[in-house]
Amino acid sequence: MSAARPIADLLEKANALFAYDPETGRIVRRITCGGRCAGTVVGTRRDDGYLDVGVAGRTVLAHRLAWLLITQEEPPVEIDHINGRKDDNRFKNLRGASRAENNQNRLVPHANNRTGRLGVYRNRAGRFVARIRVDGRLQHIGVYATPDEASDAYLSAKRQLHRGNTL
């Protein structure tokens, strides 16, 4: 079986079961099935903020299903939510992206970040260092007395260096 066949099957089933509104990002049932009424919005929120949708025995991320329903083509490996909101599946908020581009929209720092600010860490001297990753390379922005100064410098660099960022 070719790789295109499962996508074609999923597309056929998705088109039969769901309608997608690209303006609102909502996916609704076309037919009543399994006790679920036609016209109801589908999607179950996961712990990580994304929405899951059941399609013919498979679980599919809602943003990938939206992409499939609009383009009628297999979604790219990475789909980026431009505004960073994982449940905002309006088509204008979705774009194909590389992993690096997708990671640029991070809205919260990693769990091990002790400053609580994106792109900022405290050095051994107790000062705050701002740095940013561009094209896979870590770039030093500067060293600052306060976390707010370092964060402001990071956000300024992020606006200049990361395309499509909304911060």
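The values are calculated or read from the model by the stated rules, or taken from the named source; none is laboratory data. No experiment lies behind these values; they were computed from the predicted model shown. Backbone-built Cβ (ideal geometry, glycine too); neighbour counts: all protein chains shown.
Do the conditions hold for Lys92, that is, is it part of a loop (DSSP other than H, G, I, E, B) and not assigned by TED's automatic domain parsing to the domain that holds Leu155?
No: the conditions fail for Lys92.
Inside the range 14-35, can you point out the residues that are farther than 30 Å from Gly84 by Cβ and of a type in the set (Lys, Arg)?
Arg30 - this is the single residue of the range 14-35 that is farther than 30 Å from Gly84 by Cβ and of a type in the set (Lys, Arg).
From Thr32, Thr24, Thr71, Thr44, which residue is touching a residue at least 60 places away in the same chain (Cβ under 8 Å), out of contact with any Cys (no Cβ under 9 Å at 6 or more places or on another chain) and among the hydroxyl-bearing types (Ser, Thr, Tyr)?
Thr24 is the lone residue from the list that is touching a residue at least 60 places away in the same chain (Cβ under 8 Å), out of contact with any Cys (no Cβ under 9 Å at 6 or more places or on another chain) and among the hydroxyl-bearing types (Ser, Thr, Tyr).
I'm trying to understand the selection: among the residues of the range 39-71, which are surrounded by 12 or more Cβ atoms within 10 Å (Cβ to Cβ), over 18 Å from the mean Cα position of the chain (by Cα) and assigned to a loop (DSSP other than H, G, I, E, B)?
Answer for the range 39-71, where residues must be surrounded by 12 or more Cβ atoms within 10 Å (Cβ to Cβ), over 18 Å from the mean Cα position of the chain (by Cα) and assigned to a loop (DSSP other than H, G, I, E, B): Val42, Ala56.
Is it fair to say Gly84 is outside any helix (DSSP H, G or I) and either touching a residue at least 40 places away in the same chain (Cβ under 8 Å) or closer than 30 Å to Val108 by Cβ (or both)?
So Gly84 passes the test.
Assess whether Arg95 counts as being within 26 Å of Val53 (Cβ to Cβ) and at pLDDT 90 or above.
Criteria met by Arg95.
Restricting to the range 3-38, what's the tally of residues that are out of contact with any Asp or Glu (no Cβ under 9 Å at 6 or more places or on another chain) and assigned to a strand (DSSP E or B)?
Counting residues in the range 3-38 that are out of contact with any Asp or Glu (no Cβ under 9 Å at 6 or more places or on another chain) and assigned to a strand (DSSP E or B) gives 8.
Evaluate the following for Val77: is it surrounded by 15 or more Cβ atoms within 10 Å (Cβ to Cβ), closer than 30 Å to Ala8 by Cα, of a type in the set (Val, Ile, Thr) and assigned by TED's automatic domain parsing to the domain that holds Phe18?
No: the conditions fail for Val77.
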